[in-house]
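*Asks:* Can you read through this structure? Questions will come right after.
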Amino acid sequence: GRNGYFKDLIEKYKKIKEHEDQMREQMELLDSMAEIYDRVDLIDLKKMTELSLRGGELTENKIDITESDHTLVNRQLRDQIAKDQLDDFWTFTNLKTIRKRLSDKKIIYGEFVNMITGWFRAQYITVDFNDDGEPDKIFYTIQNIDNEKRREEHLLRVSLTDELTRLYNRRCYDDDMAVYKTKPLEDDFVILSIDVNGLKMTNDTKGHAAGDELLRGAANCLVATIGSMGKVYRVGGDEFLAVIKTDKYNDICDAI
C-alpha cells in the first residue's frame with residue numbers, strides 16, 4: 001500500500017544519501033592527496049585506462065599494452081630521468097608486471113632523479129582487487145622529495161665528517177674498512193698513520209684555539225698532499241689515517 005511505497009522511497013533516499021556521502025568522502029580524499037602529491041593518476045587495469053586526478057579537469061587516456069607497457073605520464077617522464085636510473089625507473093613503472101608486484105602488497109614505491117626537478121618518489125597504491133586478489137584499480141602518485149633527500153645527504157655527510165677539520169671521521173673509517181675486509185686488497189692499497197707532534201704543549205701554552213688551528217693546519221697539509229689519491233680521516237685527538245692507492249708511498253710521506 002501507500003505506507004510500503006513511502007517506505008521504499010525512504011530506503012532509496014537513504015541509499016542515495018549514503019552513496020553521496022561516500023562519494024564526497026572519496027573526493028575529499030582525492031583533494032587531500034592532490035595537495036600532497038605532484039601527480040595523482042587512477043589506473044584501471046580492467047578498463048585499461050589512466051585517469052589524471054590532478055587539476056580541475058579529469059583527463060582519461062586509454063592504455064594499450066600491445067603498443068607500450070607504460071602509461072602516458074611515464075612515457076613523458078622518461079626523457080627527464082637521470083640516465084643511470086632510467087633502467088630501474090622503466091622496470092618499476094612497467095604495467096605488465098605491476099599486478100604481480102602488488103599482489104601481496106598494498107603499496108610499492110621507488111625513488112628516482114628527475115634532471116629538471118630533482119628527486120621524486122613514484123608510488124603505486126592498490127585501490128580495488130579482483131576476485132583472484134589481484135589489483136584492478138591503482139593510484140599512481142608522484143611526489144617531489146628533493147628537499148628531503150638533500151636533508152638526508154646533509155645529515156649523512158655530518159655524521160661521517162669530523163666537525164673541526166672537515167675530514168672524514170672514525171665512523172666513516174670503520175665503515176670503509178668493513179667494505180675493504182669483504183674483498184681482496186689491491187697491490188697498491190696503503191694505509192698511512194699520522195699523528196701531530198706538540199698538540200698537548202700547544203693547548204697548554206697557547207690555548208685550545210691554537211691547538212685547533214694546529215689540527216686544521218695538519219688536516220689541510222694531508223689533503224693538499226694526498227689529493228685525489230685517497231681519503232683522509234681524523235680518528236682521534238691528534239691521530240689521522242689516510243687510505244690511498246699508490247706505489248710511491250715513501251714519496252707521499254716525504255711530501256707530508
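*Asks:* Choose one answer from Glu152, Glu50, Glu213: the residue with the largest mean-square fluctuation in a GNM of the chain with alpha-carbon springs under 10 Å.
*Replies:* Judging by the Gaussian network model, the answer is Glu213.
*Asks:* Additional query: At 1.4 Å probe size, with every protein chain present, just tell me what the per residue accessible area of the range 69-208 comes to in Å².
*Replies:* Working: 8960 Å² over 140 residues.
Computed with neighbouring chains in place, this is 64 Å² per residue.
*Asks:* Cβ under 13 Å from Arg170's Cβ, Arg170 left aside: what net charge do those residues give with Lys, Arg +1 and Asp, Glu -1?
*Replies:* Neighbourhood net charge equals -3.
*Asks:* In debye, nearest 20: dipole of the range 66-128 around its Cα centre with unit charges on the Cβ of K, R (+) and D, E (-)?
*Replies:* For this selection, approximately 200 debye.
*Asks:* On full extension of the chain, what length is gained from His154 through Asp104, given 0.36 nm per residue of separation minus the C-alpha to C-alpha distance?
*Replies:* Gain on extension, His154 to Asp104, equals 14.5 nm.
*Asks:* Give the lysines whose C-alpha is closer than 21 Å to that of Lys231, dropping any in the same chain fewer than 8 places away, or say none.
*Replies:* Result set, ordered by chain and number: Lys181, Lys183, Lys245, Lys248.
*Asks:* Sticking with this one: Suppose every Lys and Arg Cβ carries +1 and every Asp and Glu Cβ carries -1, with no other charges. What dipole size does the chain come out with about its Cα centre, to the nearest 20 debye?
*Replies:* Dipole of the chain, to the nearest 20 debye: 580 debye.
*Asks:* Right, next: Here are a few candidate values for Cα extents along the principal axes in Å: (i) 107, 45, 32; (ii) 67, 51, 44; (iii) 72, 40, 38. Which one was actually calculated from the structure I just gave you?
*Replies:* Recomputing Cα extents along the principal axes in Å here gives the entry labelled (i).
*Asks:* Sorted from largest down, give the three principal axis spans of the alpha carbons of the range 109-169, whole angstrom values.
*Replies:* Projected onto its principal axes, the Cα set of the range 109-169 covers 62, 26, 12 Å.
*Asks:* Can you work out the FRET efficiency for the pair Arg170 and Ala209, with r the C-beta to C-beta distance and R0 = 22 Å, to the nearest 0.05?
*Replies:* Result of the calculation: an efficiency of 0.40.
*Asks:* Could I ask something else about it? Show that you can apply the helix-only estimate: for the chain, add -39,500 (n - 2.57) for every DSSP H stretch of four or more residues, divide by all residues, and state [θ] at 222 nm to the nearest 500.
*Replies:* When only DSSP H runs of four or more count, the value is -13500 deg cm²/dmol.
*Asks:* From the phi angles alone, apply the Karplus equation (6.51, -1.76, 1.60; θ = phi - 60°) to the range 69-80 and give each ³J(HN,Hα) in whole Hz, x where the residue is Gly or Pro.
*Replies:* 8, 9, 6, 4, 4, 6, 5, 6, 6, 3, 6, 9
*Asks:* Straight distance only, please: which lysines reach the Cα of Lys15 with their own Cα at less than 21 Å, same-chain residues fewer than 8 apart left out?
*Replies:* Lys15 reaches Lys7.
*Asks:* Over the range 38-176, what number does the Rg to Rh ratio reach, with both radii from the alpha-carbon atoms and Rh per Kirkwood?
*Replies:* Here Rg/Rh amounts to 1.11.
*Asks:* Pairs of alpha-carbon atoms within less than 8 angstrom and 6+ residues apart define the contacts here; what relative contact order does the range 99-192 have, in percent?
*Replies:* With pairs under 8 Å counted, the relative contact order is 17 percent.
*Asks:* Now, a different point. Among Tyr124, Asn147, His208, whose Cα lies farthest out toward the positive end of the dipole of the chain, if unit charges sit on the beta carbon of Lys, Arg (+1) and Asp, Glu (-1)?
*Replies:* Checked the options; the winner is Tyr124.
*Asks:* Considering only protein heavy atoms and a 1.4 Å probe, what is the carbon-and-sulfur percentage of the accessible area of the range 61-213?
*Replies:* 48 percent
*Asks:* Once the whole set of protein chains is in place, how much accessible area is left on Lys12, using a 1.4 Å probe, in Å² to the nearest 10?
*Replies:* My reading of the accessible area for Lys12 is about 130 Å².
*Asks:* Tell me the relative contact order for the chain as a rounded percent, counting alpha carbon contacts under 8 Å between residues six or more apart.
*Replies:* 13 percent
*Asks:* Could you work out how far helix 208-226 tilts from the main Cα principal axis of the chain, as a 0 to 90 degree angle to the nearest 10?
*Replies:* The answer is roughly 80 degrees.
*Asks:* Whenever you get a sec, line up His70, His208, His154 from highest to lowest accessible area (probe 1.4 Å, protein heavy atoms).
*Replies:* Largest to smallest exposure gives the sequence His208, His154, His70.
*Asks:* May I pose another question? What number comes out for the charge environment of Leu214, summing +1 per Lys or Arg and -1 per Asp or Glu over other residues with Cβ under 14 Å away?
*Replies:* Charge balance in the 14 Å sphere: -2.
*Asks:* Here is a further query. Out of Met177, Cys221, Thr91, whose Cα points farthest toward the positive end of the dipole of the chain (charges: +1 Lys, Arg; -1 Asp, Glu; placed on Cβ)?
*Replies:* Thr91
*Asks:* Between helix 146-159 and the chain, what is the angle of the helix's C-alpha long axis to the longest principal axis, kept within 0 to 90° and rounded to the nearest 10?
*Replies:* 30 degrees
The values are calculated or read from the model by the stated rules, or taken from the named source; none is laboratory data. It should be emphasised that the depicted structure is a prediction, and the values quoted were computed from it without experimental measurement. All Cβ positions, even for glycine, are placed from backbone atoms using ideal geometry, and neighbour counts span all protein chains on display. What goes into the accessible areas is simple: the full protein's heavy atoms, side chains included, and nothing from ligands, DNA or RNA. Shrake-Rupley method; radii C 1.70, N 1.55, O 1.52, S 1.80 Å.
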